[in-house]
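S.K.: Attaching a single structure in structure tokens format; questions to follow.
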Amino acid sequence: MSKAKSAIKKRAARKRRKQRKQDDNTKQIRDAIQWLLSPGIFDRLAFHGNTSWLAAELVVLALLWIWSDSSKLTEAFDDARDHSVKLLGKAALTTYQGLAGALQTWTPTFMPLLQIRLHELMQQIGRRHLRVGLWVAIAMDGSRATTPRTVSNEQAFCARNYGKGKTAKYRKKKTKGLRRRKNAQAKTQPQAPQIWITMMWHLGLGMPWCWKLGPSNASERQHVKDLIRSGHFLKNTLFVGDAGFVGYEFWKLILDQKHDFLVRVGGNVRLLESLGFYTKQKKGIVYCWPNAAMSKKQPPLVLRLVKCRIGHKQVCLLTSVLDESKLRCKEITKLYERRWGVELEFRALKQTFERRKLRSRKSERALVEMEWSIFGM
């Protein structure tokens, strides 16, 4: 009899410990959400008089929805609604269709405000990781995520003439007869609809800074231009990019916005030396002055070319920071090596967060799902 009582007491103790742990986790999540959604962040927004939810409640529900590991969106919403009731005592919306409609309407308005709030919190907790020397280093890169093959997604995200051009890769690989026989046996499927993701990623904190979405044939350079024009960036921001982020107009835009850049350049970039616009004793000074800029009477860009070894290869890195005391060669090498972290961010988004293929069958909802997936990370 004493053994039975002892076993009952042990089970009751385990149950109490489990409940206390759950309560602690709930409290931590509630505190974190309150820390993120500070009072006043949505005060300037005007909502319809029939709106039954608060903006903060909708953001909480969206985050809980996107954090769910359920494979179906409706099941993920059911999980999010239950967790929202535990956290807040209620859920902003009671149906998945209601959540999807609200997010389609309000995500373009909410997301810029939430990104600026994230930037404020990153400055609060960043400390020595916020800057590398003088610089807030932001990596820029792009990737794709697949969506279900539906009419809506294909019309929104697929390139209309994909694979039909004379320079398409498959046309170069096979002779006409072999290609004809092969296609007759196994007909190729058209490319699945994909969303292009261009991400600006903070090197020090390892977090997305801002991002932009588009169809599969979108230009990541154009996305970066749009983000630089409209985005929120701190003083002494240094954009770090690979060899795809080159060009006079692209670099000039960054300089016009009072920022700087560090990019890798290859043989496709034409640089000039000894134009006499800068002190000749300065080693590594080069000029970007294409013919189109000359004809428009635009001034050349004065830049600094640094050759360094990354791994087993020697690479050429170009920066707009001319003063070596502000950006030394060791810092240049360190920053470019750490740029690889944005690739790991994409891998985490696709594999760990399981967003290699989205679940939404409508294009508007697929964009919303990806927006909140990146923010949810």
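What follows draws every value from the coordinates through simple rules; no lab data is involved. These numbers come from a predicted model, not from an experiment. When we count neighbours, we look across all protein chains shown, and the Cβ atoms used for this are built from the backbone with ideal geometry, even at glycine.
S.K.: Rounded, prolate or oblate: pick one for the chain, where a ≥ b ≥ c are the square roots of the eigenvalues of its C-alpha gyration tensor, a/c under 1.5 means rounded, and failing that, prolate if a/b is larger than b/c, else oblate.
M.R.: prolate
S.K.: Roughly what would the spin-label model give for Leu234 and Arg160, points 7 Å off Cα along C-beta, in nm?
M.R.: That separation, rounded to one decimal, is 4.4 nm.
S.K.: Which pairs, out of Lys27/Lys86; Lys86/Lys350; Lys252/Lys297; Lys72/Lys350; Lys225/Lys357; Lys252/Lys326, put more than 22 Å between their alpha-carbon atoms?
M.R.: The pairs that break the limit, which is 22 Å between Cα atoms, are Lys86/Lys350; Lys225/Lys357.
S.K.: Report the residues of segment 129-148 in range of a label on Trp35: point 7 Å along Cα→C-beta, backbone N strictly under 18 Å from it.
M.R.: Only 129-130 fall inside the zone, counting backbone N under 18 Å.
S.K.: Under the rule of -39500 (n - 2.57) per DSSP H run of 4 or more residues, summed and divided by the residues of the chain, what mean residue ellipticity at 222 nm is obtained, to the nearest 500 deg cm²/dmol?
M.R.: Counting only the DSSP helices, I get -14500 deg cm²/dmol.
S.K.: Pick from Lys313, Lys334, Lys27: which is most flexible by mean-square fluctuation in a GNM of the chain where alpha carbon atoms under 10 Å apart are linked?
M.R.: For the chain, modelled as a Gaussian network with Cα springs under 10 Å, the answer is Lys313.
S.K.: Still on this structure, please answer the following. With +1 on the Cβ of every Lys and Arg and -1 on the Cβ of every Asp and Glu, and nothing else charged, how large is the dipole of segment 37-80 about its Cα centre, in debye rounded to the nearest 20?
M.R.: With only Lys, Arg, Asp and Glu charged at Cβ, the dipole is about 220 debye.
S.K.: Here is a further query. Would you mind telling me the antiparallel percentage of the DSSP bridges in the chain, rounded to 5?
M.R.: Roughly 80 percent of the beta bridges in the chain run antiparallel, per DSSP.
S.K.: Continuing with this model, one more query. Kindly provide the trypsin sites (Lys or Arg not before Pro) of segment 40-89 that DSSP labels as loop, not H, G, I, E or B, and whose Cβ sees at most 15 other Cβ atoms within 10 Å.
M.R.: Passing both the DSSP loop test and the Cβ count: Arg44, Lys72.
S.K.: Only Lys, Arg, Asp and Glu count, each charged at its Cβ (+1, +1, -1, -1), so figure out the dipole size of segment 1-67 about its Cα centre, rounded to 20 debye. Intermediate values should be presented prior to the final figure.
M.R.: Working: 15 positive and 5 negative charges, 266 e Å.
Result for segment 1-67 is approximately 1280 debye, rounded to the nearest 20.
S.K.: For the chain, modelled as a Gaussian network with Cα springs under 10 Å, which listed residue fluctuates most, Asp82, Asp256, Asp242?
M.R.: Per the Cα network of the chain with a 10 Å cutoff, Asp256 tops the list.
S.K.: Can you tell me which of 192-198, 127-133, 262-268 comes out highest on packing, and rank the rest after it, using the mean Cβ neighbours within 10 Å?
M.R.: Output ranking for 192-198, 127-133, 262-268: 192-198, 262-268, 127-133.
S.K.: Here's something else I'd like to know. Under a point spin-label approximation (7 Å from Cα along Cα-to-Cβ), what is the Leu205-Met377 distance to one decimal in nm?
M.R.: That separation, rounded to one decimal, is 1.5 nm.
S.K.: If you don't mind, another one. Given 4 °C and 1.567 mPa s, how large is the Stokes-Einstein diffusion coefficient of segment 231-365 in µm²/s, with Rh as the Kirkwood radius over Cα pairs?
M.R.: Translational D for this selection: 76 µm²/s.
S.K.: For Thr150 and Arg361, compute 0.36 nm times the residue count separating them, minus their Cα-Cα distance, and round to one decimal in nm.
M.R.: That works out to 75.3 nm of additional length.
S.K.: Using alpha-carbon pairs under 8 Å, 6+ residues apart, how would you state the relative contact order of segment 49-137 in percent? Can you show the working numbers first?
M.R.: Working: 50 pairs, mean separation 18.9, N = 89.
Relative contact order for segment 49-137 comes out at 21 percent.
S.K.: To continue, here is another question. Please compute the length gained on full extension between Met294 and Ala7, using 0.36 nm multiplied by the number of residues separating them and subtracting their Cα-Cα distance.
M.R.: Values: separation 287, 0.36 × 287 = 103.32 nm, distance 8.70 nm.
Taking Met294 through Ala7 to full extension adds about 94.6 nm, to one decimal.
S.K.: Next up: For the chain, with only Lys/Arg (+1) and Asp/Glu (-1) charged at the beta-carbon, what is the dipole magnitude about the Cα centre, in debye rounded to 20?
M.R.: Computed charge dipole of the chain: roughly 2060 debye.
S.K.: Taking the chain as a Gaussian network, where each spring joins two C-alpha atoms under 10 Å apart, which residue of Asp78, Asp43, Asp226 fluctuates the most?
M.R.: Asp43
S.K.: Still on this structure: Go ahead and run the numbers for FRET between Gln191 and Cys308, Cβ-Cβ distance against an R0 of 51 Å, rounding to 0.05. Don't skip to the end; give the middle numbers.
M.R.: Working: r = 38 Å, r/R0 = 0.74.
Using R0 = 51 Å, I get an efficiency of 0.85.
S.K.: In whole Å, what are the Cα extents of segment 260-332 along the three principal axes, biggest one first?
M.R.: 40, 27, 21
S.K.: So, in Å, what gap is there between the alpha-carbon centers of segment 331-347 and segment 224-275?
M.R.: 17 Å
S.K.: Grab the beta carbon distance between Trp53 and Leu275, set R0 = 45 Å, and tell me the FRET efficiency rounded to 0.05. Before the final figure, lay out the partial values.
M.R.: Numbers: r = 61 Å, r/R0 = 1.35.
Efficiency for this residue pair is about 0.15.
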